[in-house]
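A short worksheet on the structure shown next.
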């Protein structure tokens, strides 16, 4: 029984790269100029929000990026966290 499980696991390991292989005919990587800036803003805003000093498990911060406009959403346990989130978001390059 142990030998059968070992052979089965080895066979699954051999087949797993075939299932994860990317097809060459996938052309979903179309370049859209606005997306690059929005992705950069999204990454920077996310980083700044999660590294706020008093951000905790009871806080629910979310945001939406539309071009260079960032909309903050969610709820916070302490009112000063709301103003801190607004201030760090305003300082992100590209946010108007």
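One line per residue, one yes/no per condition, for (1) under 30 Å from residue 94 (Cβ atoms); (2) touching a helix residue (DSSP H, G or I) at 6+ places or on another chain (Cβ under 8 Å); (3) at pLDDT 55 or above:
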{"residue": "15", "(1), (2), (3)": "no, no, no"}
{"residue": "18", "(1), (2), (3)": "no, no, no"}
{"residue": "42", "(1), (2), (3)": "yes, no, yes"}
{"residue": "48", "(1), (2), (3)": "yes, yes, yes"}
{"residue": "71", "(1), (2), (3)": "yes, no, yes"}
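Return a yes/no flag: does region 58-76 have any residue that is in contact (Cβ under 8 Å) with a residue 40 or more places away in the chain, within 15 Å of residue 43 (Cβ to Cβ) and within 20 Å of the chain's Cα centre (by Cα). Give the steps one after another, and end with the answer.
Going through region 58-76, the residues in contact (Cβ under 8 Å) with a residue 40 or more places away in the chain turn out to be none.
No, region 58-76 has no match at all.
Which condition number in (1) in contact with a strand residue (DSSP E or B) (Cβ under 6 Å, 6 or more places away or on another chain); (2) at pLDDT below 55 is the one that residue 95 fails?
(2)
The values are calculated or read from the model by the stated rules, or taken from the named source; none is laboratory data. Keep in mind the model is a prediction, meaning the values are calculated, not measured. Note that we place each Cβ from the backbone using ideal geometry, even for glycine, and neighbour counts take in every protein chain shown.
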